[in-house]
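The values are calculated or read from the model by the stated rules, or taken from the named source; none is laboratory data. These numbers were taken from a predicted model, which means no experiment stands behind them. Cβ coordinates were reconstructed from backbone atoms using ideal geometry, including for glycine residues, and neighbour counts include every protein chain displayed. Side chains are part of the model used for accessible areas, which takes the heavy atoms of the whole protein and leaves out ligands, DNA and RNA. Shrake-Rupley method; radii C 1.70, N 1.55, O 1.52, S 1.80 Å.
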Amino acid sequence: MGKKQETPQSAAESKEWDEEARKQAQMLKAFLGTVKHYFGGFERLFKAVRDPRHAAFITYPLAGLLFTGVLMYACHLASRRQIKAQLRGNRRSEAKFEAVFGVERIPHGDSLNYGFKRLEPDEMQAVVCNMVEALIRKKVLYAWRLLKRYYLVAVDGTGMLTFGERHCEHCLTRRLSDGRTLYYHPVLEAKLVTANGFAFSIMTEFIENSDPQASKQDCELKAFYRLADRLKQGFPRLPMCLLLDGLFAGGPTLERCEGYDWKYLIVLTDDDLPTVNREFEALCRIAPDNQLQQELGKDIEQAYRWMEEIAYLDTQGKEHSVSVLECLETKTNTQGERQTTKFKWLTNFDLTARTVSILANEGGRLRWKIENEGFNAQKNGGFGLEHAYSQNETAAKVFYYLLQIAHIIFQLLEKGSLFRQAFPKGVGSLKNIAFRLLEAWRNLQLSPYGFLNLFNGRFQ
């Protein structure tokens, strides 16, 4: 028989499939190459995490288990069960895993849970810190420092796990209006935020009752004091500015910032620190030079007032010298009406007509990014922050850190040069990046050499 002639339709289909394979290869290259470029690859990323398992009974290398957890979050699989449904048993998926880790099958989600129960969560925290250190060292975040010096670190708490019955002895409890008791595990996060949309976890403090017999529960304030001490120990020379909400406007916070040589911008409402607010108003009336009017574009008007060296006596009788910066912003709302919003911060920056606008617009107002690019993206953007990936408290913390690691990689991928070159028009929502990554991992057929070559590339 003669060679079958390819029809125009099949030729078009072949070209379409070739183009789809090319895009899938570029997606994997952007994902794998990002990790290799910034962090040296997955095995190097996790090398400091000790494996407590007996060598004779190990099927999957620890780096392979941790990588599978990162891939689960990066592909927005939403549960451990989906590892079996989407990745395990897929020949092309498992061939990629074998090329990197030398094991024929991707581990089951239960294997992750079992292995993570015995890890040290502090070692996973160290992985996250090392990632941020690498980005700082490589000057990835250099352009978004406040006043060309200070890295912005927003601190806030959020809910992580919630249960209808006691989950462990460390659960916090809350009595609901209907008489039921809610058992929950919140977390306090310090995230490094930037004006271009990055929100990288830099350190985590779990809010939990370490002593079940204690008369008072753990809370955000207690967790902040622990977090601040660890943050200084982990990043002793990093020039940072803390972005905090009004809950932290008090003597212990100011004392730590002063002692650790940190700058701060703390949200100050008219009801917070009454003596400071009264003195601010009184001094502003006799200091007309401490005012500034400016326009941002044609629609936004801003009016600034500021005052330095206001004396504040905290509840422990310790005196602090603080400054207050206020911004009244007026712009047209969605109903076409002019609306004014007040922003006010407690700070230890030197305030001048040159700096107040920068501190407000490029500093204090970026605190909301921990909510939007941080918690909201992780809760509603496909990462499943509030899903219980494990009932074991140690494994649950390991999964939480893997989520933070995946989120850092995901943000670098989305803003990286390889992804933008491959998809100059984007792919729609960020969820579509996760979908395309999953499809590429499941469907793209490559030789082991061709797959490992995707780890290499030049990035910006």
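Fully extended, how many nm does the chain gain between Ala99 and Asp229 (0.36 nm per residue separation, minus their Cα-Cα distance)? Spell out each step's value before the answer.
Numbers: separation 130, 0.36 × 130 = 46.80 nm, distance 4.19 nm.
Contour length minus the Cα-Cα distance gives 42.6 nm.
Which of the listed residues, Ala134, Gln26, Ile405, is farthest toward the dipole's positive end in the chain, when Lys, Arg count +1 and Asp, Glu count -1 at the beta-carbon?
Projecting each Cα onto the dipole axis, the largest value belongs to Gln26.
Please give the helix 121-137 orientation as an angle from the longest Cα principal axis of the chain, in degrees from 0 to 90, rounded to the nearest 10.
80 degrees
Let me check something: with ligands and nucleic acids excluded, how do Lys148, Lys191 order by accessible area (1.4 Å probe), largest to smallest? All intermediate terms of the calculation are to be shown ahead of the outcome.
Details: Lys148 165, Lys191 0 Å².
Reading off the accessible areas and sorting them downward yields Lys148, Lys191.
What distance in nm separates the two pseudo spin-label positions at Ala21 and Glu255, each 7 Å out from Cα along the beta-carbon direction?
Inter-label distance under the simple model: 6.7 nm.
At a Förster distance of 30 Å, what's the computed FRET efficiency of Glu319 paired with Ile358, Cβ-Cβ distance as r, to 0.05? Walk me through the numbers before you get to the answer.
Details: r = 29 Å, r/R0 = 0.95.
The pair Glu319/Ile358 has a calculated efficiency of 0.55.
Give me the dipole magnitude in Debye, nearest 20, for the chain about the Cα centre, with unit charges on the beta carbon: positive for Lys and Arg, negative for Asp and Glu.
Computed charge dipole of the chain: roughly 2040 debye.
Note down the accessible area of Lys117, probe 1.4 Å, to the nearest 10 Å².
90 Å²
Run the numbers on the chain and let me know its relative contact order in percent, using alpha-carbon pairs under 8 Å that are six or more apart. Before the final figure, lay out each step's value.
Values: 704 pairs, mean separation 108.1, N = 460.
Averaging sequence separation for qualifying contacts and normalising by length gives 23 percent for the chain.
Once you order the gyration tensor axes a ≥ b ≥ c over the Cα atoms, which shape class does region 102-240 get: rounded for a/c under 1.5, otherwise prolate or oblate by comparing a/b with b/c?
Details: a/c = 2.22, a/b = 1.34, b/c = 1.66.
Since a/c reaches 1.5 but b/c is at least a/b, the shape of region 102-240 is classed as oblate.
Lysine pairs in region 228-382 8 or more apart or on different chains: how many have alpha carbons under 18 angstrom apart?
Working: Lys232/Lys263; Lys263/Lys344; Lys298/Lys331; Lys331/Lys342; Lys331/Lys344; Lys344/Lys369; Lys369/Lys379.
Counting lysine pairs in region 228-382 gives 7.
Between Thr181 and Leu221, what length comes free when the chain is fully extended (0.36 nm per residue of separation minus the Cα-Cα distance, one decimal in nm)?
Length gained, Thr181 through Leu221: 12.1 nm.
Per the helix-only calculation at 222 nm, which mean residue ellipticity applies to the chain, given -39500 (n - 2.57) for every DSSP H run of n ≥ 4 and division by its residues, nearest 500 deg cm²/dmol?
Using -39500 (n - 2.57) per qualifying helix, the result is -12000 deg cm²/dmol.
Enumerate the calculated ³J(HN,Hα) couplings along region 437-445 in order (Karplus 6.51 cos²θ - 1.76 cosθ + 1.60, θ = phi - 60°), each rounded to whole Hz, writing x wherever the residue is Gly or Pro.
For region 437-445, the Karplus-derived couplings read 5, 4, 4, 5, 5, 7, 10, 6, 9 Hz, x marking Gly and Pro.
Using label points projected 7 Å from each Cα along Cα→Cβ, tell me how many nm separate Lys342 and Arg149, to one decimal.
3.1 nm
For the chain, what does the accessible surface come to per residue with a 1.4 Å probe? Please give it in Å².
Values: 22860 Å² over 460 residues.
On a per-residue basis, the chain sits at 50 Å².
Around Leu268, under 11 Å between beta carbons, what's the net of Lys plus Arg minus Asp minus Glu among the other residues? Intermediate values should be presented prior to the final figure.
On the way: positive: Lys342, Lys344; negative: Asp245, Asp270, Asp271, Asp272, Glu326.
Residues close to Leu268 contribute a combined charge of -3.
Could you sort 177-187, 332-342 so that the peptide with the highest average Cβ count within 10 Å comes first and the rest follow in order?
On the way: 177-187: 13.5, 332-342: 8.9.
Going by the mean number of other Cβ atoms within 10 Å, highest first, we get 177-187, 332-342.
At a Förster distance of 30 Å, what's the computed FRET efficiency of Ala78 paired with Ile58, Cβ-Cβ distance as r, to 0.05? Before the final figure, lay out each step's value.
Numbers: r = 28 Å, r/R0 = 0.93.
After rounding, the FRET efficiency stands at 0.60.
Taking K and R as +1 and D and E as -1, what net charge do the other residues with C-beta under 13 Å from the C-beta of Ser210 add up to? Mind showing how you got there, number by number?
On the way: positive: Lys216, Lys222, Arg226; negative: Glu169, Glu205, Glu208, Asp211, Asp218, Glu393.
Local net charge: -3.
Tell me, in nm to one decimal, what length is gained between Ala303 and Trp368 on full extension, where the rule is 0.36 nm per residue of separation less the Cα-Cα distance?
Values: separation 65, 0.36 × 65 = 23.40 nm, distance 2.08 nm.
Length difference between fully extended and current span is 21.3 nm.
Nearest 5 is fine: what % of DSSP beta bridges in the chain come out antiparallel, could you say? If you can, show how the numbers build up before the last one.
On the way: 52 of 60 bridges.
Antiparallel bridges make up about 85 percent of those DSSP assigns within the chain.
What FRET efficiency would be calculated for the residue pair Thr162, Phe435, taking the C-beta separation as r and a Förster radius of 30 Å, to the nearest 0.05?
The pair Thr162/Phe435 has a calculated efficiency of 0.60.
If you look for lysine pairs in region 11-148 that are eight or more places apart or on different chains, how many of them have Cα atoms under 27 Å apart?
Total qualifying Lys-Lys pairs in region 11-148 comes to 26.
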